[in-house]
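Following: one structure in structure tokens, then a few remarks.
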Amino acid sequence: MRQKMILRLTAGLLPAIALGACSMAPKYVAPAPPVPASWPVGDTYLAQSEAALPQVSYTEIFRDPRLQALVQQALVNNRDIRTAAANVAAARAQIRVVRSNQFPAVDVTASETRMDRGGGAVAFGNLWTSQVQAGVSSFELDLFGKLANATAAQRDRALSTEAAARTVRLGLVADLALAWATYAADKDLLAIAESTAANAQDSVRLTEARLKGGIAPRSDVSQARQILETANGDVAAQKTALAQDVNAIRLLVGAEFDRALLPEGIQQVNDGLAALPAGTSSNVLLRRPDVVSAEYDLRAANADIGVARAELFPSISLTGLLGFASDSLSSLFDSASFSNTLGADASWSIFNAGGRSANVNVAKAQRDAALATYEKAIQTAFREVSDALADQGTLAERLRAAKAN
């Protein structure tokens, strides 16, 4: 008898869990990239190969082992990376929080109560009551996909957070490589400034000697000394820039680092760079983490429409309770002590002055905003790549002109 009751209660709850097959979210269709199908061409741009762009690691571009060592240290210690990792962990945990609403919460309670029934001159003794209960309270049936879409939206936001973390990682590598190269350039500039100052010092000595010999006016000495002070100022400025470069690298690395990992000059930087393989299709931009993050935000906004639409329909909740109650602990689990309860509640807001319908419109507008943000992310990525290609395409000519001057 007791087992039949338990099976009947279980049979009433389990099918309800599987009823959430209906979804009110619009079907997601990935938007077409709002950019040309290929990169710009012309005299300003380099010709591109027909091969698809491969997956490229920073170690394939930045070949210098010193820079690679700094990057590895930065990926461990940089505070922005740690913050991004913590945000990813929080987003993943939040998925489980939201998803838990799709399942019934089972609570178990146990109690034992003593009641004294004595009174006056006659004692009637004590009454003990023991209870053990387990039940499901207000489990909402996801008939219209509200809870499932909420979980899907949170999952997409977590994936967006992970993509944003990859953006932080790539940005850190790029910033560190730039700071490393800037240090090399400033070190070369310091050497030039020191050489210029030494030459200016020699010029002052020579001009003073010419003045003593009566073959140079005093104004020449003043001019030579002015040039020397300007050169000394340039030396001081370059030393400051070099110190600031070290501070920037220290911040990016997130800790102290071995100065032996710094380059001696810009030529070492150039020798440690490899050419990036290129592809013709602009669809490669869809691999960028910032674009991926924007698309997951768009997917989450699309799922939010399903949540808002489901709010327009009735909400049905189940409550189930089974347990044992007895005035004797020894007979607590007898069949006569068993009881069970199964109930259902339905609620539907038939009038709220259009608030729920307006909430659907809000979700749609937010989806449209996310779509515009996604498309702008692609367009921005296309422009950045095109600008880089234009810069690379004219680099050789600019170098030739600089050397000619």
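Descriptive notes on the structure:
- Relative to its residue count, region 192-342 spans a Cα convex hull of 442 Å³ per residue.
- Kirkwood radius, region 208-250, all distinct C-alpha pairs, inverse of mean reciprocal distance: 12.5 Å.
- GluC sites (Glu not before Pro) within region 159-260: DSSP coil, no more than 12 neighbouring Cβ in 10 Å: GLU256
- Ordering of 175-186, 315-326, 261-272 by packing is 175-186, 315-326, 261-272, highest average first (other Cβ atoms within 10 Å, averaged per residue).
- Between ALA236 and ALA174, the FRET efficiency estimated from the beta carbon spacing at R0 = 25 angstrom works out to 0.25.
- Largest to smallest principal axis extent of the C-alpha atoms in region 352-394, angstrom: 64, 7, 5
- DSSP-loop chymotrypsin sites (Phe, Trp or Tyr not before Pro) across region 124-179, with at most 15 other Cβ within 10 angstrom: PHE124
- With only the Cα atoms considered, region 153-196 has a convex hull volume of 35 Å³ per residue.
- Note on region 75-111 and region 197-261: Cα centroid distance 58 Å, given to the nearest whole angstrom.
- With R₀ set to 30 Å, the beta-carbon distance separating SER335 from ARG96 gives a calculated FRET efficiency near 0.20.
Read the figures in this text as sums done on the coordinates, not as results from a lab. Keep in mind that what you see is a predicted model, and the values were worked out from it rather than measured. Cβ: placed from backbone, ideal geometry, glycine included. Neighbour counts: every protein chain shown.
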